[in-house]
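As structure tokens, the structure follows; a few thoughts come after it.
None of the figures in this text is laboratory data; all of them are computed from the coordinates on show. Predicted model only: the values in this text are computed from it and were never measured. When we count neighbours, we look across all protein chains shown, and the Cβ atoms used for this are built from the backbone with ideal geometry, even at glycine.
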Amino acid sequence: MDDKLIAAWTGHPHLRIIDNATDFEDKMKRLLKEVASFLGEPEPLEIERKYLIEYPDIAWLESQPSCRRVEIIQTYLKSDDGDEVRVRQRGIDGSYVYYRTVKRRITGLKRIEVERRLSKEEYLTALMDADTGRRQIRKTRYCLTWQNQYFEIDVFPFWQDKAIVELELSEEDAKITFPEQLRVIKEVTEDEAYKNASLALIRE
């Protein structure tokens, strides 16, 4: 039942798994900690680690019951105060949801993130304010739950030999265990060159 429940929710943009590794009281404490981390005190925080990996085995990913494929189109908007502002279309097979996200960096791993769901009309209107110095980022995301961890594997059309894996964490020093099928090249959490906003830059 646990596996079926996890598989059903895999693909959600902010999945968290609270396992049974502790007694019930401690489990509830971990649950509250995850909720507080996501909602933020006083602002919602995102703690994220990012890795460059070899191009993944797509057939293996698609064979996993706890893996879901999502198509994403990400557009960066103009911003006058240094914040990273973007809108995103996310979904598959003609069924999409739309978001506006504002990110402000605190440390290399930690950022304030405010996300709001948009209607399709609001999304299309926001595109009129696109940053013309950046191209749209189109990517296929494979959302994989593995040993109670949630991996977001981004495959880009302009890379044939590598991809990006992201994990959202509740603590900066949380231990990460990769499946052997994901071959890590290096961590790129604080490497500006591998951030989506940098990949979107139009260079002459």
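Can you pull a Stokes-Einstein diffusion coefficient for segment 57-163 at 20 °C (1.002 mPa s), Rh from Kirkwood over Cα pairs, as a whole number of µm²/s? In µm²/s, the coefficient rounds to 138.
The chymotrypsin sites (Phe, Trp or Tyr not before Pro) of segment 124-204 meeting both criteria, a DSSP state outside H, G, I, E and B (loop) and at most 12 other C-beta atoms within 10 angstrom of the site's C-beta, are PHE158. Relative to the longest principal axis of the Cα atoms of the chain, the long axis of helix 24-39 makes an angle of roughly 10 degrees.
Under a point spin-label approximation (7 Å from Cα along Cα-to-Cβ), what is the LEU31-TYR55 distance to one decimal in nm? The answer from the label model is 4.4 nm. Here, segment 148-204 is characterised by an Rg to Rh ratio of 0.98, where Rg is the alpha-carbon radius of gyration and Rh the Kirkwood radius. For segment 54-111, the square roots a ≥ b ≥ c of the C-alpha gyration tensor eigenvalues yield an a/c of 1.5 or more together with a/b not exceeding b/c, which makes the shape oblate.
Note on the chain: Rg/Rh from C-alpha atoms, Kirkwood Rh, equals 0.95.
Counted residue by residue at 0.36 nm each, then reduced by the alpha carbon distance between them, the extension gain from THR125 to TYR96 reaches 8.8 nm.
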